[in-house]
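Have a look at the structure below before the remarks.
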Amino acid sequence: MRYRVAGSIAIGIFGLLVAQPYGQQPPPAQPGQGVQVGVPGGGQGRGRGAGPTPNPGQGAAPGGGRRGRGPAGPAPRNVNGRVLLQGATPGEKGVWLPDGVVTTSFTNAAEIPFQPWAKALYEDRQTHRLEPHARCKPSGAARQVQTPYGVEFVELRELQRIYVFDNGGPPTWRTVYMDGRTHPDTIAPSYYGHSIGWWEGDTLLIDTTGYNEDFWLDRGGTPHTKGLHTLERFTRTDAATIRYELTIDDPNTFTKPWGGSFNLRWEAGTELFEYVCQEQNYAGELMVGASVETGKVDRSSLIVP
């Protein structure tokens with residue numbers, strides 16, 4: 001119930017946020033470049049339905065490319081020349097959908113440097129759909145931007161913050177502090193952790209720590225611990241594409257820092273909506289374990305953990 005209430009609050013806050021003067025924001029303050037987690041490395045679902053709603057003169061192609069009548073136009077910018085993460089004006093609606101990796105890990109699982117226990121847990125998660133996100137729990141890092149219902153970025157110059165709204169499960173949002181602060185010495189673990197951000201050219205960098213262990217790192221079931229530290233890069237390469245890169249450092253789970261990347265594609269004319277998670281429990285049959293004898297997933301049980 002508290003997530004439904006949170007959803008209503010999120011919708012109300014979002015209505016207030018988008019009314020801000022979007023196209024006239026100066027570049028926010030940038031903190032020192034002392035936060036590094038590792039070296040970022042480098043999937044095809046279609047998001048919702050048959051694919052995106054193309055912008056005029058554009059069409060989407062798998063892998064972040066374009067099909068149809070030519071390439072996407074340049075990324076929109078504010079009056080100071082800095083790239084915008086949404087439309088050119090507050091009235092231009094749209095969401096960012098994952099261009100691939102909708103139901104998988106965001107990189108090749110064979111290349112993930114798992115600790116032995118983490119690999120065993122990852123493999124167990126391949127046999128069922130007991131994902132917390134499917135049971136209305138928020139999800140941080142790559143899992144947030146892998147939602148097939150899209151995400152929106154809302155920048156508030158006065159507050160020096162960026163909000164990342166997502167849908168299709170828990171209607172929640174993430175706060176990114178852009179005022180130059182550092183992470184506090186003590187952080188209460190949470191689904192989204194504590195995020196600080198800054199700009200490097202057309203790339204928004206988000207450094208996050210303080211995660212809890214109650215979500216999957218991506219839709220493929222990659223595990224993590226409270227020691228997780230991430231560095232995300234959102235680079236808007238044109239009007240229709242954001243390149244998402246994620247660097248992961250969690251010595252408790254992995255033998256070394258590692259990362260991956262995929263594209264987000266712009267779906268014009270779409271807004272986030274009020275999503276009631278698990279209404280009438282239609283997804284209940286997806287959350288039953290696997291049969292060891294047959295190797296097939298048993299969907300017959302009426303009991304959902």
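Looking at region 238-260 only, could you name the residues that are open to solvent by 10 Å² or more (accessible area, probe 1.4 Å) and assigned to a loop (DSSP other than H, G, I, E, B)?
Ala239, Pro251, Asn252, Thr255, Lys256, Pro257
Which of (1) aliphatic (A, V, I, L, M); (2) out of contact with any Phe, Trp or Tyr (no Cβ under 8 Å at 6 or more places or on another chain); (3) open to solvent by less than 10 Å² (accessible area, probe 1.4 Å) does Leu130 not meet, given it meets every other one?
Only one criterion in (1) aliphatic (A, V, I, L, M); (2) out of contact with any Phe, Trp or Tyr (no Cβ under 8 Å at 6 or more places or on another chain); (3) open to solvent by less than 10 Å² (accessible area, probe 1.4 Å) is unmet by Leu130, namely (3).
Considering only residues that are out of contact with any Pro (no Cβ under 8 Å at 6 or more places or on another chain), part of a helix (DSSP H, G or I) and not acidic (Asp, Glu), which ones fall in region 124-143?
Our first condition is that a residue be out of contact with any Pro (no Cβ under 8 Å at 6 or more places or on another chain); within region 124-143, this holds for 124, 126-129, 131-132, 134-135, 140-143.
Subset that is part of a helix (DSSP H, G or I): 124, 132, 134-135, 142-143.
Within region 124-143, Pro132, Ala134, Arg135, Ala142, Arg143 meet the criteria.
Can you work out which of the residues in region 261-281 that are aliphatic (A, V, I, L, M) and not in a loop (DSSP other than H, G, I, E, B) is surrounded by the most Cβ atoms within 10 Å (Cβ to Cβ)?
Of region 261-281, the ones aliphatic (A, V, I, L, M) are 264, 268, 272, 276.
Narrowing further to those that are not in a loop (DSSP other than H, G, I, E, B): 264, 268.
Numbers: Leu264: 25, Ala268: 17.
Checked region 261-281; the qualifying residue surrounded by the most Cβ atoms within 10 Å (Cβ to Cβ) is Leu264.
Could you count how many residues in region 135-179 are touching a Leu at 6+ places or on another chain (Cβ under 7 Å) and closer than 19 Å to His224 by Cβ?
Residues that pass the stated criteria total 4.
Would you check if Asp218 is in contact with a strand residue (DSSP E or B) (Cβ under 9 Å, 6 or more places away or on another chain), buried (at least 21 other Cβ atoms within 10 Å of the Cβ) and more than 28 Å from Asp179 (Cβ to Cβ)? Can you show your working first?
Working: in contact with a strand residue (DSSP E or B) (Cβ under 9 Å, 6 or more places away or on another chain): yes; buried (at least 21 other Cβ atoms within 10 Å of the Cβ): yes; more than 28 Å from Asp179 (Cβ to Cβ): yes.
Considered against the rule, which asks whether it is in contact with a strand residue (DSSP E or B) (Cβ under 9 Å, 6 or more places away or on another chain), buried (at least 21 other Cβ atoms within 10 Å of the Cβ) and more than 28 Å from Asp179 (Cβ to Cβ), Asp218 comes out as yes.
Can you pull out the residues in region 108-152 that are over 24 Å from Leu205 (Cα atoms), of a type in the set (Gly, Ala, Ser) and modelled with pLDDT under 95?
Within region 108-152, Ala109, Ala110, Ala134 meet the criteria.
Quick test of your reading of the structure: His224 fulfils all but one of (1) at pLDDT 95 or above; (2) surrounded by fewer than 19 Cβ atoms within 10 Å (Cβ to Cβ); (3) part of a loop (DSSP other than H, G, I, E, B). Name the failing condition by number.
Answer for His224: the failing condition is (2).
Name the residue that is farthest from Ala268 (Cα to Cα), counting only residues in region 67-103 that are at pLDDT below 85 and buried (at least 19 other Cβ atoms within 10 Å of the Cβ). Working first, answer last.
Quick first cut of region 67-103, residues at pLDDT below 85 only: 67-72, 100-103.
Now drop any that are not buried (at least 19 other Cβ atoms within 10 Å of the Cβ), which leaves 72, 100-101.
Details: Ala72: 12, Gly100: 18, Val101: 20 Å.
Here the residue is Val101.
The values are calculated or read from the model by the stated rules, or taken from the named source; none is laboratory data. None of the values given here were measured: they were computed from a predicted structure. Positions of Cβ are generated from backbone atoms using ideal geometry, with glycine treated the same way; all protein chains shown enter the neighbour counts. Keep in mind that these areas ignore ligands, DNA and RNA; they rest on the heavy atoms of the full protein, side chains included. Shrake-Rupley method; radii C 1.70, N 1.55, O 1.52, S 1.80 Å.
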